[in-house]
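Asks: This is the structure I want to talk about, given as structure tokens.
The values are calculated or read from the model by the stated rules, or taken from the named source; none is laboratory data. Since the structure is predicted, the reported quantities are computational estimates derived from the model, not experimental observations. We place every Cβ from the backbone using ideal geometry, glycine too, and count neighbours over all the protein chains shown. For the accessible areas, the whole protein counts, side chains as well, though only heavy atoms, and no ligand, DNA or RNA atoms are used. Shrake-Rupley method; radii C 1.70, N 1.55, O 1.52, S 1.80 Å.
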Amino acid sequence: MATNMFFEREEAGVADIMTPFDPEPAMQRCRSHPAVTPRLLEELGFGEQGPRWQLREQAYAEFARCNGGRQMDMTEERFIAMAAQLFLFDRRSARACFHASDLDCTARLDKDQYLLLKEAFVHGDTEYSKHEEILAMRLRAVFHKYVVTRPAMRHVHDTALTEAEALMWVRDLCAGETHVKQVAAKLLPAMQAEASNHRSNHSDAMTLQKSKTCSLHEHSINMDSWVRTLAQGNFQETLQQLGLSMNDVLASITAPSSCPGQPVHAFSRAVLDGRAETAILKWSGADSFPPEVGVPNRTRGMQSSYVPNDAVNEEMQLDPLVRAVGGWRGPMAASRESEEYEVAHNVLEAAMKIARDTAREEDCLDRNWMTNGEALEAMLGASEQQQAYNLRLLATSCRKQLEAEPPLVRVAVPAKVFGDIHGQFRDLLMMFQQFGFPFHCGGDIQTTSYVFNGDFVDRGEHQLEVIAILFALKAIYPAHAFLVRGNHEFRDMSELPSGNAFKKHVRWRLPTQWPSVYEAVHSTFDWLPFAAQVGGRVLVLHGGLGDGSWGLKDLERIQRPIKHVSNSFVLDVVWSDPSDSDHVMYKGVHENPDRGDEKVHLFGPDVTEEFCKREGLNIIIRSHQYVPQGYKVMHGGHMITLFSARNYVGQDENDSALLLLAPDRNGHLRVHPKTLLALPLPLDADEFDDDVEQMLSGSRSTGSLWISVTRSLSSSCGECLQFLRTGTRAKPQRKSGSLYT
């Protein structure tokens, strides 16, 4: 039977050998490194009275926020997730920077080590960049970058760079193979000689034991020798003679590495996951067997569990090369053993079942569906107290994820983008059902990112249901589900006296528990990011560009939490609108009287084009406005308005839509619209009489009226419909006007 390489599990019959490698546990201290001393902070200007104390306080606050508000040290996996969003580091570069800053070799960073990390790898070249300790950290990061390529490599300290790994570093420095040979012939022998001297001077028993562990040989290079050699002045002169500089060496920390014979986007390695999903179909004969036969009592549906022993070869020892590292859901995802995971999983499982059942029923408007809270009961429990408790739990878990994200999040492709939902839960479920559900048990969340572009609440009949499923997604899949703030995720919109505003809706659904739920949800809204950059080329934001004078860097600098919008450019991000025409008269920036605020702008196609060109974007996806087809292409194709609530507030026949962004074989990031057709709304008697009068007077074609009525009247009006079919039957174009939301 398969054996466990690292630890035993309590569950019987589990193939532990397949369990992903866990990089989280603390390491024993490998050797003594100096801690971050007050003197070092003073030398770098970070002292209490130093000129850079504000940078220090910002780094401390960022450290606490991205560490879930905890003062404990930051783990490697949490830093990797944070660095991918804040600094755009890939996993390999993030690990290298992390271990270069881990001065006491505990696989943890404290806030002072994090401050030094930012100084070395984020702040850029400053007057302090040439400080001895900062330069040493940078050189250690270059070294670690080529060590962490080894599979399941936890102990990066007290190891050595092999000759092949050193040659890979040289190859990354150089432009061609001839240059590689020249540089390797000059640099590597000097490093190897320094390492050889180091081994000769430290040949005690402990060093020899470590050498055996690290498989050192005469051509390997340990980290101390690497740093000392590169820091020497004469070595830097050698670099200049070879057409290189220290800046080239340091730039390799975050630059992509070359892999001979592999395409640019090739994966570093293929690995096996330790869990499997099993689809269990209905089996009519299962109930007929007596208990002693041993037929498993399985319920129909999809289950996720560890890979069983009988799916693994006997006596197999898993090669570390194919062992996964960490979890695919994200390092900050709710633990499978936690209460919030159980609640979120139940929400998604119940929602998926509701979606399947609803798809088999006759279509209807969201406002006429499950009007007695059946969906919320299925997802969160029958009692008001249980529903309120679970909503608060999901809100808290979601907020922890959002606090660790920047105001501008980066999203991997393929990705699905959704527009305004406005509490129309049924429409959201039907889009999931038709185009893929965000769930690992029968859905596509393992391969696809999901972006929800604001306006989750207000006006619809199922606002709490929408909140429950979106917060559940963020709690379980933080690396795959992203929530972007819209203008309705603010208290002033939720507390409007007219319509079915969110506050009024929560009071109606949870009459005794509403205050705590309302506050928990809005406390989470206050941390929502304001935009998402998908695949590097597409920007998703709720409103628009306004005057277009701001950029992505301004988005990154937004300070959260935000309860009320006071910044003018943030106001435009969530409120402004594009011109509804590409005509030359609509170029520039105009007043937007429909929004009722002179600070909210209407912007033309030239503003969009210039913004995209300046920020390196191709397309901007925004929501915020109803459009008949569910999506509308604008501004030379650089702008798309997206709306995901069909038959908006039950008053129009607009479709709902999502956009799938997926790479193709031509090197494009292709946008695929997916729409859910609207339901025909019934005509009232007065409206029908007016239509007939227009037809008889010749002011409206019989074909136009035929389309309107056949979508609205029942089949019992056969004679009327037969008469209407005698006219022209060309389908008229639907109006492109926008209903402001």
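Asks: Could you tally the net charge around ALA94, taking each other residue with its Cβ under 11 Å from the Cβ of ALA94, Lys/Arg +1 and Asp/Glu -1?
Replies: In short, +2.
Asks: Continuing with the same structure: On the accessible surface of the range 339-459, probed at 1.4 Å, how many percent belong to carbon and sulfur atoms?
Replies: 44
Asks: Applying the Karplus parametrisation 6.51 cos²θ - 1.76 cosθ + 1.60 with θ = phi - 60° to the phi angles of the range 456-464, what ³J(HN,Hα) value in whole Hz is obtained for each residue in order, glycine and proline being reported as x?
Replies: In residue order, the calculated couplings are 6, 10, 6, 5, x, 8, 10, 5, 5 Hz.
Asks: If you count only protein heavy atoms with a 1.4 Å probe, what accessible area per residue comes out for the range 553-596, rounded to a whole Å²?
Replies: I get 61 Å² per residue for this part.
Asks: Rounded to the nearest 0.05, what FRET efficiency do SER568 and SER305 have when you use their Cβ-Cβ distance and R0 = 41 Å?
Replies: Working: r = 52 Å, r/R0 = 1.28.
So, using R0 = 41 Å, E works out to roughly 0.20.
Asks: Sticking with this one: Just how many % of Cα pairs in the range 342-448 lie over 21 Å apart, if you round to the nearest whole percent?
Replies: On the way: 2584 of 5671 pairs.
So the pairs more than 21 Å apart make up 46 percent of the total in the range 342-448.
Asks: Between the range 490-563 and the range 573-603, what is the C-alpha centre distance in whole Å?
Replies: Cα centroid to Cα centroid, the span is 21 Å.
Asks: Here is a follow-up. Over the residues of the range 421-477, compute the C-alpha Rg and express it relative to 2.2 N^0.38 Å.
Replies: 1.09
Asks: Sticking with this one: Work out Dmax and Rg for the range 549-676 from the C-alpha atoms and quote the Rg first, both in angstrom.
Replies: That works out to 15.8, 46 Å for Rg and Dmax.
Asks: Another one. What are the ³J(HN,Hα) couplings of the range 632-639, residue after residue, when phi is run through the Karplus curve with 6.51, -1.76, 1.60 and θ = phi - 60°? Round to Hz, x for glycine and proline.
Replies: Those phi angles translate into 8, 8, 9, 6, x, x, 7, 10 Hz.
Asks: Given labels modelled 7 Å from the Cα in the Cβ direction, how far is it in nm from MET585 to ARG39?
Replies: Between MET585 and ARG39, the label points sit 7.5 nm apart.
Asks: Further, regarding this structure: Would you mind getting me the FRET efficiency between GLN386 and GLU342? Use the beta-carbon distance for r and R0 = 22 Å, nearest 0.05.
Replies: After rounding to 0.05, the efficiency reads 0.95.
Asks: I need the peptides 240-252, 360-372, 541-553 ranked by packing, meaning the mean over residues of other C-beta atoms within 10 angstrom, with the highest value on top.
Replies: Highest to lowest by the protection proxy: 541-553, 240-252, 360-372.
Asks: For SER656, what residues show an amide H to amide H distance below 5 Å, using hydrogens built from the backbone and excluding near sequence neighbours?
Replies: ARG646, LEU676, ALA678
Asks: Here is a follow-up. Using the Karplus equation 6.51 cos²θ - 1.76 cosθ + 1.60 (θ = phi - 60°), what ³J(HN,Hα) coupling, rounded to whole Hz, does each residue of the range 430-440 give in order, writing x for Gly and Pro?
Replies: Whole-Hz 3J(HN,Hα) from phi for the range 430-440: 5, 5, 4, 5, 7, 10, x, 9, x, 8, 7.
Asks: With an 8 Å cut-off on Cα pairs and a minimum separation of 6 or more residues, tell me the relative contact order of the range 328-446 in percent.
Replies: Across the range 328-446, relative contact order equals 34 percent.
Asks: Separate question: Just add up the charged neighbours of GLU598: K/R +1, D/E -1, any other residue whose Cβ is under 13 Å from the Cβ of GLU598. Working shown, then result.
Replies: On the way: positive: ARG595, LYS599; negative: ASP547, ASP572, GLU591, ASP594, ASP597.
Net charge around GLU598: -3.
Asks: Within the range 42-150, which trypsin sites (Lys or Arg not before Pro) sit in a loop by DSSP and count at most 13 neighbouring Cβ atoms inside 10 Å? Provide the component values of the computation, followed by the final result.
Replies: On the way: sites: ARG52, ARG56, ARG65, ARG70, ARG78, ARG91, ARG92, ARG95, ARG108, LYS111, LYS118, LYS130, ARG138, ARG140, LYS145; in loops: ARG52, ARG70, LYS130.
Loop-located and lightly packed - ARG70, LYS130.
Asks: Which cross-chain or sequence-distant (5 or more) residues have an amide H under 5 Å from the amide H of ALA324, H modelled 1.01 Å from N in plane?
Replies: Excluding prolines and chain starts, which carry no amide H, the hits are PHE21, LEU272.
Asks: Also, quick follow-up: Kindly provide the pair-distance distribution of the range 547-616 built from C-alpha pairs, with 10 Å bins from 0 and whole-percent values in order of increasing distance.
Replies: Each 10 Å bin holds this share of Cα pairs: 19, 48, 29, 4.
Asks: Amide H of ALA160: which non-local residues (sequence gap of 5 or more, or other chain) have their own amide H closer than 5 Å, using H built in the peptide plane?
Replies: none
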